[in-house]
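Everything on this sheet refers to the single structure shown next.
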Amino acid sequence: MGATNCPETPRQRMIAMMYLVLTALLALNVSREIIEAFVLVEESLSTSVETFDEKNQSLYAKFSAAEMKNPEKVRPWREKADKVKKYAHSLSNFIQDKKIEIIQKADGKDAAAIHGRTIYSDSIESANNLDYGGVVMIGPEYNKAAYALHDSIDNYREFLKSIVDPTQIGLITSFENTLNTDDPPGEGMDKKTWETVRFDNLPLIAVITMLSKLQTDISNTESDAVNYLFKQIDAKDVKVNKIDAVVKSKSNYVFLNGKYSAEVFLAAFDTTQTPQIYVGKVDSSQNDDGSYSYFMHGEQGVDYDTIPVINGKGVYEATANRLSPSIEWGGLIEIPVPGGTVERFPFKADYQVAEAGLVVSPTKMNVFYIGVDNPVDISVPGVPKENIVASMTNGSIKVDKAHGGWVVRPLKGDLTGKKTKITVTADVDGKKKEMGSVTFRVKTVPDPVAKVGGKKGGRIPKTVLLAQTGVFAEIEQFDFEMPFKVTSFDVTANIKGYEVVEHAKGNRFTSAQFNLINKLRRGNKINIENIKARGEDKIKRSLSPLIFKLQ
């Protein structure tokens, strides 16, 4: 370009114009692979937001339940949690509004990617557009939604920090890092702001992904804040108001020739005062005030004896040398009290001695299916679940913390007669012991059924068919849930004696397919065939065709 005192020649203006056009073409040349990568990331972020929302709803439900039991104690913390919820949801809804606005500006008010307030990023038609994100979020005067969003995030971050005790350095630092709105480093012409680096001159799908990331950060910090507030309900409580004798055994169920082990201690004790713990038969006598005094029966060393005490806890061990449904034992805990006297607390306990056993049972069916979480209950009588380790061939098995069981994911079916086997080991008396194994069959999930508008074929009004968005696949009459996605299909019809076929990639009707349907009249048949679908098991499936007759 020429300076003010050096006007441009026509040739210079032509070169400058060509440069601008070339730059625009290069900017528009966003590869499809990049767009698809952004779609995957955006879908993952949207799922994360839903997961955090479910987790947060659970926390708010816990607040409500706790307040019903103790309103005066819980209410101040619940009111703070409600403020967090209101702040976070308002901010997240604002972001969702902007996402919808951007897509509607690009694809129109009836954009296929928008259903209510839900966004299907894989259906955004203008995903590679570089303008509309900046138009909505930045604006020509640099005063659009991104700047209001910047201020709102700052206010939300400072609000969260204000409700947290200043000693919670880790939590405060987490809020500052997660909700950071600082401008990136740079100077002069390279200087960018928090707003422009996220929303200016980027593909539309990238802007949507950035906004979803912010929603995830908001839900994440909401979860951290509400969880912190819930813990504060009992943070300053004094837990001890009663002294009781307690027997804690690793298990009340002991294998033959195994060892029974238990800890005996007071529920509240002073580690500077070592109690004396006796094991044997306990006698008692009633006092004048109606209370009871306890003492050991017989002679020490003959009828009863002490057990070692470590860190205030007595450790009792006995060898299980006979099978028995119940072996009882007990004694007294004796502890010094002010005044030079002692208090004695009786205790009783029992345990079983039995042969080793193993129970492995699927909770839904007697087979495992590929591509779905197969819930399994695994138990070894007398062994705590945390001491059980399970492994399997032909797949993976892991603990299901949410439901307290296990989840199996087989890799492939036993088409050649090979089945999967679950092997269980247990930690018994500090040693690993194999408890046995159980074999199961492995199958693929049955094929889903293709549907249009919930129908599998038959008579359908033309207007109803034209109102549908595409072909969907769902599995019927099956105990497991597996989402399926139609990957391609053909629409076939006879037009003036000629068979016309229009192909679609994905599950959405194309404009060419809609045009084909529009040409048909009442009584004409239309076939939807060559339907391909894929579920979470990644297996490609060919589904039965759909035959409709227009009304």
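Laboratory data are not the source of any read-out in this text; all were calculated from the coordinates shown. This structure is a prediction, so every number in the text was calculated from the model and none was measured. Neighbour counts are summed over all protein chains in view; Cβ atoms, including those assigned to glycine, are modelled from backbone coordinates with ideal geometry.
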Study note, to complete from the structure: For the range 465-551, averaging the sequence separation of alpha carbon pairs under 8 Å that lie six or more residues apart and dividing by its residue count, the contact order in percent is 29 percent
Review point. What net charge do the residues around VAL39 carry, taking every other residue with its C-beta under 11 Å from that of VAL39, with Lys and Arg at +1 and Asp and Glu at -1?
Key: -4
Revision key, fill the gap. Footprinting proxy, ARG198, ARG157: sorted fewest to most Cβ within 10 Å, the residues are ARG157, ARG198
**Study point:** Segment SER488-TYR292, length gained on full extension (0.36 nm per residue, minus Cα span)
**Key:** 62.4 nm
Check your understanding: Binned at 10 Å from 0, what are the whole-percent values of the Cα-Cα distance distribution for the range 11-231, short to long?
Key -> 7, 28, 31, 20, 9, 3, 1, 0, 0
Check your understanding: Once both labels are modelled 7 Å past Cα along the beta-carbon direction, what's the LYS431-ASN321 spacing in nm?
Key -> 1.7 nm
Practice item. Pop a pseudo-label 7 angstrom from the Cα along the beta-carbon direction at both LYS398 and ILE310 and give the gap in nm to one decimal. Key: 3.4 nm
Practice item. State the extension gain, in nm to one decimal, for the chain segment bounded by GLU43 and ASN180, taking 0.36 nm per residue of separation less the distance between their alpha-carbons. Key: 47.0 nm
Review point. In the calculated pair distance distribution of the range 449-550, what percentage of Cα-Cα distances lie above 17 Å?
Key: 49 percent
Check your understanding: With labels modelled as points extended 7 Å from the Cα through the Cβ direction, what inter-label distance (nm, one decimal) is found for LYS109 paired with ILE539?
Key -> 4.7 nm
Practice item. DSSP loop (so not H, G, I, E, B), at most 12 other Cβ within 10 Å: list which GluC sites (Glu not before Pro) in the range 481-551 pass both filters. Key: GLU481
Point to revise | Taking the range 138-225 and dividing mean pair separation by its residue count, relative contact order in percent (alpha carbons under 8 Å, at least six apart) | key: 29 percent
